[in-house]
Amino acid sequence: MRTPILAALLSLVGLPALACETFTIGNLMIEHAWSRATIGAERPGVLYVEITNTGSADDALVGIATPVAEMPMLHETVVTDGVASMPHAMSVPVPAGQTVALAPGGYHGMLMGLTTTLKEGEGFPVTLTFRDAGEVTVPVEVLSMQAEGPDCEHAGQ
């Protein structure tokens, strides 16, 4: 029920500052949720986000869900002998007192089986599931295909 409501709200508000908002669940702070625009729905999309664990106990991101992908998964970019691969990751560790970034070249969400084209300037909800903290749904801002991340220093100016 939360996902359709959040999707409706996202269509009513301006998205440029959404990736710069902070969401909290337990001792975890979630910031900078973004994706890149896609040419169509045939190729997978990506999900990037920063997670800060302000607590004294480790946690882990164990799953992602979104209505824009039939099969969202966690992946990690691994380079072996100069060859990059992106194997499935069962979880992403979120150590106590540290920030973990799902970012280009490292851990990321792979959005397989897109149900729609991801268009720059639009957004979509994603539910992050953590081993201990539980679930939180956050808005994801779709940036350009060349983007390296949201410009939160200038948001709202």
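The values are calculated or read from the model by the stated rules, or taken from the named source; none is laboratory data. Values in this document were obtained by computation on a predicted structure and should not be read as measured data. Cβ atoms come from the backbone with ideal geometry, glycine included; neighbour counts cover every protein chain shown.
If the condition is being in contact with a strand residue (DSSP E or B) (Cβ under 8 Å, 6 or more places away or on another chain), part of a loop (DSSP other than H, G, I, E, B) and closer than 23 Å to G40 by Cα, then region 117-145 contributes L118, K119, E120, G121, E122, S144, M145.
Looking at F124, is it in contact with a helix residue (DSSP H, G or I) (Cβ under 8 Å, 6 or more places away or on another chain) and of a type outside the set (D, E, K, R)? Yes, satisfied. Counting the residues of region 59-97 that are at pLDDT 90 or above, within 16 Å of L128 (Cβ to Cβ), surrounded by 12 or more Cβ atoms within 10 Å (Cβ to Cβ) and not hydroxyl-bearing (S, T, Y) gives 17. Hey, any hits in region 41-48 for a residue that's crowded, with 17+ Cβ neighbours inside 10 Å and without any contact (Cβ under 8 Å) to a residue 60 or more places away in the chain? For region 41-48, residues crowded, with 17+ Cβ neighbours inside 10 Å and without any contact (Cβ under 8 Å) to a residue 60 or more places away in the chain: absent.
Number of residues in region 98-109 that are of a type outside the set (S, T, N, Q) and surrounded by fewer than 19 Cβ atoms within 10 Å (Cβ to Cβ) equals 5.
Pairs linking a residue in region 13-29 that is at pLDDT 95 or above and surrounded by 15 or more Cβ atoms within 10 Å (Cβ to Cβ) to a residue that is outside any strand (DSSP E or B) and β-branched (V, I, T), with Cβ atoms under 9 Å and 6 or more positions apart or on different chains, are N27/T54; L28/T54; M29/T54.
Those residues that are under 18 Å from Q146 (Cα atoms) and part of a strand (DSSP E or B), I need them from region 89-112; list them, please.
Correct list: L102, H108, G109, M110, L111.
Filtering I51, I5 for residues that are under 18 Å from T137 (Cα atoms), modelled with pLDDT under 95 and among the β-branched types (V, I, T) leaves a single hit, I5.
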